[in-house]
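The values are calculated or read from the model by the stated rules, or taken from the named source; none is laboratory data. This is a predicted model, so every value here is computed, not measured. Backbone-built Cβ (ideal geometry, glycine too); neighbour counts: all protein chains shown. What goes into the accessible areas is simple: the full protein's heavy atoms, side chains included, and nothing from ligands, DNA or RNA. Shrake-Rupley method; radii C 1.70, N 1.55, O 1.52, S 1.80 Å.
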Amino acid sequence: MATEAKRAKVGDGAELSPLQNFLQWCDRVGLELSSKVYVSKEGTVAEYGMLANDDIEEGEVLFTIPRSALLHQGTTKVSALLEKEKSSLESSSGWVPLLLALLYEYTSSQSHWKPYLSLWTDFKTLDHPMFWSKEERDSLLRGTGVPEAVDTDLANIEQEYTNVVLPFMIKHSDLWNPNTHTLELYTKLVAFVMAYSFQEPQEEEDDDEDEEEEKASNPPMMVPMADMLNHVSNHNANLEFTPDSLKMVCVRPIPKGDEVFNTYGQMANWQLLHMYGFTEPYPSNSNDTADIPAANLYKVATQGIQSDLDRQLMEEQWEMVCEMMPEKAAFVFGKQGCLTDTELHTALKVLCMSAEEFSEFKDNEGWEEDDEDDEKISQAFSNDGLNELKPSWKWLIHETARLTLTSYGDGEEKLGENVADGDRALMEDKAALAGLSCRQRRALQVRYGQKRILHRLMELTKS
């Protein structure tokens, strides 16, 4: 069957499928694929995937990719130019050199990576929310944080292309052509890098490396074959990096017929949709989260304040909380409790101080370092500990979760834990689910997962 990586020889005159072309290229570049696995579009969760055609034990190597087969700014045919001009290619993303390499290689008929890049015909399979209409994003994903993230991405992509990429291409018009290498293609390649690239794990260093320097020193790379694997949080394979090659290694037994899954990291469904264009079906994503914007905590904390003195106190307290948190901060809740427990603990402690306590706190320039250890804080803000918090803290969390639910725009905040809502009714109606488009279904998975976490939080903090 043409869609399967059964390394059979194709008869003379037979036209090779893109996948067969790619597999022959893999042989030529020294990529070693275990006989226990094959690539297919059939029997996988999405598009291409890898399947086991024999039982695989933990520790077995599924394939090995020589570093010379990787596609990045150091291996592309235009690598010398990109290195020479790197100072003019700096940007907030750190991706411009790789994207210029991809622009060149993707449109070059002589590209060494043509059989690999030909697997993605015009990137039609990419369905990130950045390719949805703004109306579709704003209606289907309202309240999830995705529309705002996409708007930021699109603005940054256009700015990067206009200010950095376009002047460079015009300067080197013998290699790039703005009529071919358009903003539209550049945006598709950004999504391609978001969804399919890998970054080499870096050893953590003690010194505070500048974020821009970090991006420049550890740019993403395209890893043929490794990007064929689909993701689940409960994965069974993992990519390992060695000086000479990259290896996909089985991390738990895979029975014959099962799909081989890599992991893209601990990703909530909204992150998977934003970065990769898919979601895990509810409730299988153990890493799902819901964000509570810090601004919502401020709104709840300041509502009902009567006196000017109390308002002034609260403003000072909030100013101090903001100094301790990053800009546009959010408190992140997962299925087991708060994942940003230290920040939430600090915010609640400061906001609930009396005038005397706050004055003493300022005089001491904070509290003692050993005031409360991280383990105790983590336990206090887990699902098991939330009900034991001070009543004032529980009330703030409860009301902030309720306010956050209003952002979905469907009256969700008025519904109790056991009351059916539109999204829940959809989730429980298989016929209705089947009638949804892929985009509607993925958006539903994101919304519903977040709402369940927020409802659970309200349940655990009610008086």
field: log₁₀ of I(q)/I(0) at q = 0.08, 0.12, 0.19 Å⁻¹ - the range 289-461, Debye sum with one point per alpha carbon
entry: -0.29, -0.61, -1.27
query: What FRET efficiency, computed as 1/(1 + (r/R0)^6) with R0 = 45 Å and r the Cβ-Cβ distance, is obtained for residue 217 and residue 151, rounded to the nearest 0.05?
result: 0.95
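Taking 0.36 nm per residue of sequence separation and subtracting the Cα-Cα distance, how much length would be gained by fully extending the chain between residue 135 and residue 85, in nm to one decimal?
Working: separation 50, 0.36 × 50 = 18.00 nm, distance 3.97 nm.
So the chain would gain 14.0 nm between residue 135 and residue 85.
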field: Ellipticity estimate at 222 nm from DSSP helix runs (n ≥ 4, -39,500 (n - 2.57)) divided over the chain, nearest 500
entry: -12000 deg cm²/dmol
query: How much accessible surface does residue 85 have with a 1.4 Å probe, in Å² rounded to 10?
result: 30
- prompt: If the chain were replaced by its equivalent ellipsoid, with semi-axes equal to the square roots of 5 times the Cα gyration tensor eigenvalues, what would those be, largest first, whole Å?
  reply: 45, 27, 22
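Of all the accessible heavy-atom surface of the chain, with the other protein chains kept in place and a 1.4 Å probe, what percent is carbon and sulfur?
47
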- request: Work from the charge dipole of the range 289-461 (Cβ charges, +1 for Lys and Arg, -1 for Asp and Glu, about the Cα centre) and give the residue of 385, 336, 409 farthest towards its positive end.
  value: 409
query: Are there GluC sites (Glu not before Pro) in the range 246-330 that DSSP puts in a loop and that have at most 15 other Cβ atoms within 10 Å, and which ones?
result: 327
query: Going by alpha carbons, how many degrees (0 to 90, nearest 10) lie between the helix axis of 341-351 and the longest principal axis of the chain?
result: 30
task: Could you calculate the contour length gain from residue 249 to residue 314, that is, 0.36 nm times the residue separation minus the distance between their Cα atoms, to one decimal place in nm?
output: 18.0 nm
message: If I ignore ligands, DNA and RNA and count only protein heavy atoms, how much of residue 144 is accessible to a 1.4 Å probe, in Å² to the nearest 10?
response: 10
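Using unit Cβ charges (K, R positive; D, E negative) and no other charged atoms, how large, in debye to the nearest 20, is the dipole of the range 289-461 about its Cα centre?
On the way: 20 positive and 35 negative charges, 352 e Å.
It works out to roughly 1680 debye.
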- prompt: In this model, which of 362/394; 299/430; 430/451; 390/451; 247/376 are farther than 30 Å apart at the alpha-carbon?
  reply: 299/430; 247/376
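Give me the accessible area per residue for the chain, probe 1.4 Å, as a whole number in Å².
Working: 23630 Å² over 463 residues.
Each residue of the chain exposes 51 Å² on average to a 1.4 Å probe.
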query: Helix 391-405 sits at what angle to the longest principal axis of the chain, using alpha carbons and giving 0 to 90 degrees rounded to 10?
result: 50
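At a Förster distance of 41 Å, what's the computed FRET efficiency of residue 441 paired with residue 342, Cβ-Cβ distance as r, to 0.05?
Working: r = 36 Å, r/R0 = 0.87.
The computed FRET efficiency comes out at 0.70.
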query: How much accessible surface does residue 454 have with a 1.4 Å probe, in Å² rounded to 10?
result: 0
Per residue convex hull volume, Cα atoms of the range 178-325, in Å³: 236
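Run the dipole for the chain about the Cα centre, Lys and Arg Cβ at +1, Asp and Glu Cβ at -1, nothing else charged, and hand back the magnitude in debye, nearest 20.
Values: 42 positive and 83 negative charges, 609 e Å.
About 2920 debye.
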field: Extension gain from residue 159 to residue 238, taking 0.36 nm per residue of separation minus the Cα-Cα distance
entry: 24.9 nm
- request: Return the distance in nm (one decimal) between the two label points of a simple spin-label model at residue 203 and residue 256, each offset 7 Å from Cα along Cα→Cβ.
  value: 4.4
task: Using packing as a proxy for protection, rank 248-258, 331-341 so that the peptide with the highest average count of other Cβ atoms within 10 Å comes first.
output: 331-341, 248-258
query: Which order do 60, 428 take by accessible area at a 1.4 Å probe, largest first?
result: 428, 60
